[in-house]
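The values are calculated or read from the model by the stated rules, or taken from the named source; none is laboratory data. The model shown is predicted, which means the values in this text are computed figures rather than measured ones. Here the Cβ positions follow ideal geometry from the backbone for every residue, glycine too, while neighbour counts run over all protein chains shown.
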Amino acid sequence: MRTFLSPDRLARQSANHPWLTLGVWAAFIVLALGTASQLKITPSWEIRGSDSQKAANLLEERILGQSPAAETIVVQSATLTVDAPEFQAFVTRLTADIQALPGTVSAVTSVYETGDQALVSADRHTTILPATLQGDIVEATDTVAPLSELLAERNGHDGFTVLTAGDGSIWHDANHQFEKDLSRGEAIGLPIALLVLLIVFGAAVAAGVPVILALLGILVSMGITAVISQFIGIDSSTINMITMIGLAVGIDYTLFIVERFREERAAGLEKVDAVVAAGNTASRAVLFSGITVIIALAGLVIVPASMFGGMAIGAITVVIAAVAVALTLLPAVLSLLGDRINWLRLPGRKTKSEQPIDSGFFGKTTMLVMRHPWIAATTSVALLVAMALPYARINIGSLGLSTFPQHLQSAQAFNVLNEEFSAGLIDPAEVVIEGNADSAEVSLAVANLRKSIAEDGDFSTMSTLTTVEGGQYGYFTVLLNGDATSERAMDALRRLRGEYIPAAFGNTGSEVYVGGGTAQNVDYIDTMEQYLPIVIAFVLTLSFILLTMVFRSIVIPVKAIIMNLLSVGAAYGLVVLVFQEGVGASLLGFHQADQVEAFLPVFLFAVLFGLSMDYHVFLLSRIQERFLQTGDNAAAVAHGLRSTAHIITGAAAIMMAVFSGFALGDMIALQQVGFGLAVAVFLDATVVRSVLVPASMELLGSRNWYLPSWLEWMPRISVEGPARHTAGRVPSHEALAFELGPILTSGD
């Protein structure tokens, strides 16, 4: 007896009670609308257990207390120097207006108040105004808004350039640009997705349903994530993740089920029976696909980086929402629409049943590949490996202010600071001493360190040592030249940590930690490199176990994993080739950078491995369905490829449209993500699915389904077995016996 949670049972209940189902979902959506507005964005680059995090914790808990947010305001004139009365009058008025902003700035000063010539550039045409925002760094993106507006109004007036960069403005600009890029991506991706759906389904109503339901899934996920954000740090990248993954899987899952429903109706089933048949086949595949995507995304949680925790939460919640919508809300919609799902049809469209198995591009391609499997397999593998080769030259890093679009105020301020002062003013290295900080040995060590960095051109200045708690703790700052995320600054930071500090403090008995933005970036990059193989091993192991249980074969999982690794590796290589080495970057409208964002390899692997499993699950389940019925491997492969070709191709085209839309933004990190995802999906749906899968299936024949006898004890899981009521089909007892375990089913 099946439980209420089995996909076919859920489909039947939803189809039999459509208005009740819609009412429950309407309540969820209203609740999500209310909670989504409370989403709390917490900028965080915390790397748990890292040297920089230890320094930050000591600064907050023992030395400085909760760190206030700082801004560095730049005032520059092309004609006047700071000694001119007009320059002084402008700065004085500006300072007064800044101080008058309600709830924004707690302190701001200038050279005219302090006499500190370090606040003036060498040519005396530029000065900086150090400012402290009210509240802490977490609140800075909101607090800085009135200041940014004021400075934008004054910028260009009376011949003065007025800009700011700091804890609030950088994140504020980044978040605003990401939101702008996302909106642009949606504006491009959604119309293309609708067009693809219209071509796939040949009917406007059928094309519109997946998009609407995907957007509802995203809204529900936003509401859930907003609740979680009250307890766990969520940054803006989480919203990007929800939107990208939500559109991709939300549309795809609905697409597969709608197409199966139409197929069952065309085979003669009554409306509710067709919904249940789709629930027993395509919905099972959707459920299992969602599980594999969640497993892959869960790999991100292993990485001790706060940003990945938020991204994983957002992505997992949107996948769960997409699966829930597909398994419950969609059957209710199909029950209400019935054959009206085919309204507004395109003229002259043939149904699949009217087309022979070897017709069309994919039918002919499959036949050609299976006639020459060795050539097809060797060529496709060689192509993917060739694309992956540039990955050996990858230079991972952190894309900071120097890569921001130059129209952003914080990016312009960075350029001025870098030219006239030191960009390290925005984010200096913070050196924290624990133990004996007021001893003579430590004083000598600080003096020796000051001498060492004075001889190194990658450092600017070093502040004096400050001690607290009776000399138990001490700290000072070191300014590094260049962008805090540049290779120059990070190499200097590594020398500071690895050479200068050990040489100076080695005999003091004190623990010395280096924090600050550059230190965080170094720890972030090192962590990404360290955890990439761990994430890969985790995802591959769990995926292998699940696929083995599903397909009752150890060959199918091994092949699926190898093929996915090939497509992911090719995506890695192409990202390096285009963005790092600049091949075709300008032609495609991308910005070249010397580095690939450090999180990209881990992120792309987790996301792409999960998404590419969609195609393998849907394709291989249809192949298995026919193989279990006929025992003919070649015919099963041909049938599986031909019957899923237009759907999987459409799903891939939709994902590519969504991801390509985001790649057209101005933030390089988002360009790299969108491009990497789009090319991997393209390769997976073309080279892998159209060539490598049929070639390998033909070469191995019945050995594809080999399962050692000592693994027969493994649970049997049905993904997409034959619909039990479909006319003219002979359901396999093996296929129908598979269940998704005790959570979804109970014993007969």
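Within segment 577-595, can one find any residue that is within 16 Å of A382 (Cα to Cα) and at pLDDT 90 or above?
No.
Of all the residues that make up segment 683-696, how many are under 30 Å from F662 (Cα atoms) and either of a type in the set (G, A, S) or surrounded by fewer than 21 Cβ atoms within 10 Å (Cβ to Cβ) (or both)?
3
Condition check ((1) modelled with pLDDT under 90; (2) in a strand (DSSP E or B); (3) assigned by TED's automatic domain parsing to the domain that holds D666) across all residues:
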| position | (1), (2), (3) |
| --- | --- |
| T378 | no, no, yes |
| A437 | yes, no, no |
| V442 | no, no, no |
| T461 | yes, yes, no |
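Would you check which residues across segment 331-354 are closer than 17 Å to I257 by Cα, polar (S, T, N, Q) and either modelled with pLDDT under 90 or not assigned by TED's automatic domain parsing to the domain that holds L641 (or both) and list them?
N342, T351
For the subset of segment 410-424 comprising residues that are at pLDDT below 80 and surrounded by 24 or more Cβ atoms within 10 Å (Cβ to Cβ), which member is farthest from G156 (Cα to Cα)?
Filtering segment 410-424 for residues that are at pLDDT below 80 and surrounded by 24 or more Cβ atoms within 10 Å (Cβ to Cβ), the one farthest from G156 (Cα to Cα) comes out as G424.
Name the single residue, out of those in segment 444-459 being surrounded by 14 or more Cβ atoms within 10 Å (Cβ to Cβ) and among the acidic types (D, E), that is modelled with the highest pLDDT.
Among those that are surrounded by 14 or more Cβ atoms within 10 Å (Cβ to Cβ) and among the acidic types (D, E), it is D456.
Being modelled with pLDDT of 85 or more, in contact with a Pro (Cβ under 9 Å, 6 or more places away or on another chain) and surrounded by fewer than 17 Cβ atoms within 10 Å (Cβ to Cβ) is the requirement here; does L699 meet it?
Spelling it out, L699 is indeed modelled with pLDDT of 85 or more, in contact with a Pro (Cβ under 9 Å, 6 or more places away or on another chain) and surrounded by fewer than 17 Cβ atoms within 10 Å (Cβ to Cβ).
What number of residues within segment 267-291 are more than 20 Å from G650 (Cα to Cα) and either β-branched (V, I, T) or over 32 Å from the mean Cα position of the chain (by Cα) (or both)?
12
Among the numbered criteria (1) under 15 Å from the mean Cα position of the chain (by Cα); (2) within 25 Å of I320 (Cα to Cα), which one does A598 miss?
Only one criterion is unmet by A598, namely (2).
Only one of these is in contact (Cβ under 8 Å) with a residue 40 or more places away in the chain and of a type outside the set (S, T, Y): A78, A107. Name it.
A78
Against the definition (closer than 18 Å to V385 by Cβ and touching a strand residue (DSSP E or B) at 6+ places or on another chain (Cβ under 9 Å)), how does V575 come out, yes or no?
yes
Does V108 count as surrounded by 14 or more Cβ atoms within 10 Å (Cβ to Cβ), modelled with pLDDT of 90 or more, of a type outside the set (K, R) and more than 21 Å from L408 (Cα to Cα)?
yes
Return yes or no: is F590 among the aromatic types (F, W, Y) and in a helix (DSSP H, G or I)?
no
Inspect all residues belonging to segment 112-128 and state whether any of them is more than 21 Å from S460 (Cβ to Cβ), out of contact with any His (no Cβ under 9 Å at 6 or more places or on another chain) and surrounded by fewer than 14 Cβ atoms within 10 Å (Cβ to Cβ).
Checked against the condition, which is being more than 21 Å from S460 (Cβ to Cβ), out of contact with any His (no Cβ under 9 Å at 6 or more places or on another chain) and surrounded by fewer than 14 Cβ atoms within 10 Å (Cβ to Cβ), segment 112-128 yields at least one hit.
Among the candidates A388, A413, which residue alone is in contact (Cβ under 8 Å) with a residue 12 or more places away in the chain and outside the structural domain of V568 (by TED's automatic domain parsing)?
Answer to the check: A413.
Output the number of residues of segment 48-82 satisfying the condition of being crowded, with 16+ Cβ neighbours inside 10 Å and part of a helix (DSSP H, G or I).
9
Looking at (1) outside any helix (DSSP H, G or I); (2) closer than 22 Å to V687 by Cβ, can you tell me which one G582 breaks?
Every condition holds for G582 apart from (2).
Counting only residues that are part of a helix (DSSP H, G or I) and surrounded by 21 or more Cβ atoms within 10 Å (Cβ to Cβ), which one in segment 380-402 is modelled with the lowest pLDDT?
So the residue we want is L401.
Can we say F201 is more than 20 Å from S410 (Cβ to Cβ) and either among the aromatic types (F, W, Y) or in contact with an Asp or Glu (Cβ under 9 Å, 6 or more places away or on another chain) (or both)?
The answer is yes for F201.
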